[in-house]
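What follows is a short report on a single structure.
The values are calculated or read from the model by the stated rules, or taken from the named source; none is laboratory data. Model, not experiment: these values are computed from the prediction. A quick note on method: Cβ atoms are made from the backbone with ideal geometry, for glycine too, and the neighbour counts reach across all protein chains shown.
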């Protein structure tokens, strides 16, 4: 378990508070295998219902395929597969969240396939905790902005750009379990 | 901005003083106005002392204007001359000093953001100038005077801009180049130097664009161009000391206008008589107006005026043919002005008067108060004729010491000129001409010139290379006026034919064009989605009519969109001709470059992509394909070799051919080399095409290979790769001893391709039509298996590897039995292959899009994606990679072309 109160933590306490303030804001939350995740609202471009996805054979397994988003070819990533969760059949709740971010001069648009979109919620700085140390479970927490807590719910706030541009993030589910246990 | 503003004002002022008529208050007023503008501009720029000086001059001028005394005005004018010379020099100095310590104010004071933007603009501008220079220089070499003017303008513009941006190295060098262009030199030398300038500029602008410091300060170039000029300083002193008679034509044409202007004005100031109101009615004589000490000056004057009048005729003909631009009219004006000045000094009254009236008329033309119509031009022609006669009289009198004869026609001529100046246009003598009629024919029909004379001149024209008009003037002493009138008639015929064909051009950001084209592409697809929807049939007729209209407009838009990105290949071809010439000179060969179809238009980005392959192919042709002159003579060929560049449309594709008439490819040498490197098996029988394909393999073109075989192969893999990158194909054709032709087959555009939608199991893919050879349903006896693994198909005597698309891509549900499916024969770098697909669904034009990010970047099986007519995304297959799996054991594309096919062929024959 990631024990809070290590020396490092103490030293960077101010930094943590600062980060919490920086991260506070509106998040769009969605469900993935009964776990809750949050995306910075500014990264979300639109939400579209499940549509015809063209499979791209011989590419990474978590790539569900490509869609025609008003003339633009957009890659859709199955977040379940990306996080090494069990793959399930799509339901009428399944949607594609189109996210967009820029790095340098290039702006990237991608779609992520999630089980269900929940809501847009405001998360205050006091509700945000730094990402847990997952080194014990061989995890890198780079792509997690922090852990949001609201009315006993635990929301893993994702840095979606990092999630989608990092090759291996399958340990995320390990993390989310961790988060759940900790809050429980 | 003000910096260049000052410069312009200085220029204007110089011109103004040049034309200032000291008896006229109006012209002084104009000077005054310019001076006050200059004063404020200088103040803005921070040259406060200079500004003060200018202001004082303005005050003095104002005082002079108020006084009604002519003497006072003359005094003021004189002062103005001196002052201006001083100012010009001082300004030049101050400017130079400022440029040398780089940026005290021009950069530091201004907003850095704005400056970065300006710099970016500048870089773009210079780049376009650099790319425009090549064709311009080429045109100039061929004697196109417009091109020369255009070059000067371009150089001047970027010089100004670089000054504004505080780039002294660029400014100095360009300035040197500009001064160089003003001096007479042979066209060849000029062109070579200009090409050097172009290359130098291209390097500098790239450094500028990437933010690197300049690694060359242009000193050598400046030396080439004759160093930095400090004309204004010279002008200041020259104005005070130079003897009027020393003003020769080269000085007038070569030095900045300020010098000649100043000198002339001083001359006029020394002894300008008021224009005589009445002239002698009949030819009479006056005593020789000069004394012995001046005789030399008169002789000098005669020589010069002869030259000057010649240049007038030349200018007039040019104006006749190419229109009266400011430069030419100014040129005319200057000549008469000089003539007037010097003649006045030498008391040659008739010449003075005639020049003066003509000058006044030309000034009106110059300021736009009078159009340089045929009437005006004819008058100037007549004037030059009379002036020549007058000069002859002077000469006679000078040689024989007899009294100077006066000509009666001068008076009438002056009258006519005055009438024209006042706006009365004379009747114009006309020649009749039909469109396309030759100049000689027009002249002959009009009876102005005898048929034999024209024949004669045409014959000698072949040797001299001059224009017929010049030749006629020179040899048959036909009056320039007659020729000008004939040319006018000829032009009129063309103008009538071309009426309304003038083209206007706008420059648009390429990105915007791309976006537009992309949007049109979308529109086309959406339109076909709507039009093909089954529900449409249930719509009422009028709606369907509208829809038909919609479809029609969409297609029109698509065509327009495609055209927008199209540029002619001309510029690129011309660059290549230059390269051929350079290479030929270096390798000591005589090569003629021939261009065909350079007007063929291609997608802009394709033209860019084509540049590298063309360079390599041409270098190859010149270096290795073409023999030395001795060798050529020995083999009975003409000493002059030919490299031909040709472009043409062929069935929706563009074909570019590069051919030489050199020694051709030595097939056996290539084979030997390939065998020694283990690329093909000993004794394998290869088709010519296959042998030539070996040349394009990377590494095949090592140095020793070049000398051993006939020398083909340098950079050839680059050629192949680049051509394939733009989805083109290259084929080679060679006849030993006769030459080699490389044929590049390219798609019209990069954005849209013709695709074939194929079905494979549950998936649909797009195959570029360009790489499809044919499709067929195989019978069982066409199929073979080698060593139990590799599957082969025998198609018309050719054994092709069978590519099972479903297995390569991991697609389910495909028909495993080839005889129940379809074979699509595809062409790739490595050779042909038979791709097994379930069905060919349809043919469709698709807009190519990059596959969205997030797809494995290392995957090579897709060339991109496209939106299909049903709105779904379709994947475009990369034929190279997929065929490469079968052809090269899983390694895709180029490295894999170790062509196992011939080897396989052998084993098949063993099997059979």
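Figures for the structure shown
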{"item": "Residues that are closer than 13 Å to residue A:96 by Cβ and more than 7 Å from chain B (Cβ to nearest Cβ), drawn from segment A:58-77", "result": "A:64, A:65, A:69, A:76"}
{"item": "Exclusive hit being touching a strand residue (DSSP E or B) at 6+ places or on another chain (Cβ under 6 Å) and either modelled with pLDDT of 80 or more or surrounded by 12 or more Cβ atoms within 10 Å (Cβ to Cβ) (or both), set B:520, B:525, B:536, B:553", "result": "B:525"}
{"item": "Residue tally, condition in contact (Cβ under 8 Å) with a residue 24 or more places away in the chain and assigned to a loop (DSSP other than H, G, I, E, B), over segment A:40-66", "result": "2"}
{"item": "Residues satisfying the stated conditions in segment B:532-576, i.e. more than 45 Å from the chain's Cα centre (by Cα) and closer than 28 Å to residue B:512 by Cα", "result": "none"}
{"item": "Residue match in segment A:99-115 (condition: under 15 Å from the mean Cα position of the chain (by Cα), away from every other protein chain (no Cβ under 14 Å) and at pLDDT 90 or above)", "result": "yes"}
{"item": "Some residue of segment B:11-24 being more than 21 Å from residue B:336 (Cα to Cα), at pLDDT 65 or above and assigned to a helix (DSSP H, G or I)", "result": "no"}
{"item": "Filter result (in contact with a helix residue (DSSP H, G or I) (Cβ under 9 Å, 6 or more places away or on another chain) and either farther than 20 Å from residue A:44 by Cβ or within 13 Å of chain B (Cβ to nearest Cβ) (or both)) within segment A:78-98", "result": "A:79, A:82, A:84, A:85, A:86, A:87, A:88"}
{"item": "Any hit, segment A:91-113, residues being in contact (Cβ under 8 Å) with a residue 24 or more places away in the chain, under 19 Å from residue B:764 (Cβ atoms) and surrounded by 16 or more Cβ atoms within 10 Å (Cβ to Cβ)", "result": "no"}
{"item": "When residues of segment B:855-868 are limited to those that are more than 9 Å from chain A (Cβ to nearest Cβ) and at pLDDT below 75, the one surrounded by the most Cβ atoms within 10 Å (Cβ to Cβ)", "result": "B:857"}
{"item": "Failed item in (1) loosely packed, with under 15 Cβ neighbours inside 10 Å; (2) more than 14 Å from chain B (Cβ to nearest Cβ); (3) closer than 30 Å to residue B:849 by Cβ, with residue A:15 passing the rest", "result": "(3)"}
